[in-house]
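Colleague: Got a structure for you, questions after.
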Amino acid sequence: MPDGVTLITFTVLGGGGGAGSYQSVGSTGTGGGSGDLVTGVLAVTPGSTLTLIAANGGIGAASLNQGIVTGGGGFGNGGHTANPSDGTTLTGGSGGGGSAILVDDAPAVVAGGGGGLGCVLARPSTGWTIAGGGGGAAGADGQDATINRSQLAGPEAAHGGGGASGATAGLPRSTNASNGTTDNGWRRTIGTAGIARAGGGHGGAGVLSAAYSISSEENLQVSSAGGGGGYAGGASGTVRARVYDLTTTPYQYALAGPGGGGSSYASDQVMGAEFTTGTNGARDGARHPGFVEISYDIPC
C-alpha cells in the first residue's frame, strides 16, 4: 500500500451459483444461489501487499448429455458436477467461487459463492408436479427439489446441500437409502461435503443418481449441483431416482438437489463489516461472477 494509506473501503461479491439453459426443473423463479455481498473498512499497514480475487460464477448444462460442468474459480472454487453417462443425462448447476481480499497472503475479507441449481429428468414428460430446488445463497442450505405424481403417497425430495458457516464446511442433508432397484424401487445418494482450508474452501462436488429404465426406454441419470466456494465450501446436493414399471402406469425419474452456499469471513482488521445477499444467482445459461472494489485516500 502507498505511504500514508491506513484505511480501505471495500465491497466484495462472491460468484453466483449456476443454472443452465437446459434445466428441466418444472418451476419458474428458481435459480442458482447468489454470492454474499460484504462491505466495510479494512485497516492496513503502508507497505503491505493486497491481493484481490474476483470469483467466477457457476454454470449449468447447455444440453442433455453434456457431462461435467465446472465450478467457478476463486478463493475457494465452486463445486463441479459429476459426469453422468448412462443413457439420457443432465447435470445441475456448478457452484460459484468465493471472492476475497488478502493482506500479505492472509485472508482479510471473503465473500462466499452461491450453490448451483438442481435439475430433474422424468419419463413420461407429463403428469408430474415438480419444484426445482434453488441453490443456496452464500452460507445458506440449498432448497430441496421435489417431485410428485398421483401414484406416490406424497412428494419425494432430493435435499439441497448444507451451507458452510465460518470455517466449518457444509454437510450433506440426508442419508443414503434404497428400497430396491426394480419395480417401485428408489435409491438416494447423499451429496459431498464442502471443504474447509486456509487457502479457500471448495464447494462439494456433485454426485450421480442411480440409472433406471422403464419398458424399452433407455436409462435416465442426473448429477446433483455443486456447492459454493468461500472461506469454507458448501455441500453438493443429494440425488434420488425411482422406477415404477407396473404394466398400467410405468414411470421413472432422476431428481438432483441444489448445492449449499460457501461461507464468508472478515478478520479483526475489518471495521463495520456488513454481510448481505447479492443478486447474481444465475437463472440462465451464463456465469455470473463476483467482484472486488476498493477505494482509499492518499494523503497530500
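Colleague: So which residues in segment 188-223 are in a strand (DSSP E or B), open to solvent by 40 Å² or more (accessible area, probe 1.4 Å) and either touching a Phe, Trp or Tyr at 6+ places or on another chain (Cβ under 6 Å) or at pLDDT 95 or above (or both), if there are any at all?
Modeller: 208
Colleague: Within the set of pairs 6 or more residues apart or between chains, which connect a residue that is in contact (Cβ under 8 Å) with a residue 12 or more places away in the chain inside segment 80-95 to a residue that is of a type in the set (Val, Ile, Thr) and in a strand (DSSP E or B) with Cβ atoms less than 7 Å apart?
Modeller: Final answer for the pair search is 81/91; 84/91; 84/222; 89/222; 90/222; 91/222.
Colleague: Right, another one. Take the residues in segment 250-300 that are open to solvent by 40 Å² or more (accessible area, probe 1.4 Å) and under 30 Å from residue 152 (Cβ atoms), then tell me which one is modelled with the highest pLDDT.
Modeller: So, considering only residues that are open to solvent by 40 Å² or more (accessible area, probe 1.4 Å) and under 30 Å from residue 152 (Cβ atoms), the one modelled with the highest pLDDT is 283.
Colleague: Of all residues in segment 86-105, which are open to solvent by less than 10 Å² (accessible area, probe 1.4 Å), closer than 15 Å to residue 61 by Cβ and either polar (S, T, N, Q) or assigned to a strand (DSSP E or B) (or both)?
Modeller: Selection gives 89, 90, 91, 94.
Colleague: Still on this structure: Which number in (1) within 18 Å of residue 259 (Cβ to Cβ); (2) among the small types (Gly, Ala, Ser); (3) surrounded by fewer than 16 Cβ atoms within 10 Å (Cβ to Cβ) marks the one condition that residue 34 misses?
Modeller: Looking at each condition in turn, residue 34 falls short on (3).
Colleague: Answer with yes or no whether residue 61 is surrounded by 24 or more Cβ atoms within 10 Å (Cβ to Cβ), out of contact with any helix residue (DSSP H, G or I) (no Cβ under 9 Å at 6 or more places or on another chain) and not in a loop (DSSP other than H, G, I, E, B).
Modeller: No: the conditions fail for residue 61.
Colleague: Let me ask another. Kindly list, by first and then second residue, each pair from a residue in segment 188-212 that is free of Cβ contacts under 8 Å to residues at least 24 places away in the same chain and under 20 Å from residue 166 (Cα atoms) to a residue that is open to solvent by less than 10 Å² (accessible area, probe 1.4 Å) and among the small types (Gly, Ala, Ser), limited to pairs with Cβ atoms under 7 Å and residues at least 6 apart or on different chains.
Modeller: none
Colleague: Additional query: Taking into account only those residues within segment 141-162 that are under 21 Å from the mean Cα position of the chain (by Cα) and among the charged types (D, E, K, R), which is nearest to residue 194 (Cα to Cα)?
Modeller: 141
Colleague: State whether the residues of segment 224-238 include one that is small (Gly, Ala, Ser), touching a strand residue (DSSP E or B) at 6+ places or on another chain (Cβ under 7 Å) and more than 25 Å from residue 79 (Cα to Cα).
Modeller: The answer is no; no qualifying residue exists.
Colleague: Quick one: residue 68 ticks every box in (1) over 17 Å from the mean Cα position of the chain (by Cα); (2) surrounded by fewer than 24 Cβ atoms within 10 Å (Cβ to Cβ); (3) β-branched (Val, Ile, Thr) bar one, so which box is it?
Modeller: Result: residue 68 passes all but (1).
The values are calculated or read from the model by the stated rules, or taken from the named source; none is laboratory data. Because the structure is predicted, anything quoted here is derived from the model rather than measured. When we count neighbours, we look across all protein chains shown, and the Cβ atoms used for this are built from the backbone with ideal geometry, even at glycine. With ligands, DNA and RNA removed, areas are computed over all heavy atoms of the protein, side chains included. Shrake-Rupley method; radii C 1.70, N 1.55, O 1.52, S 1.80 Å.
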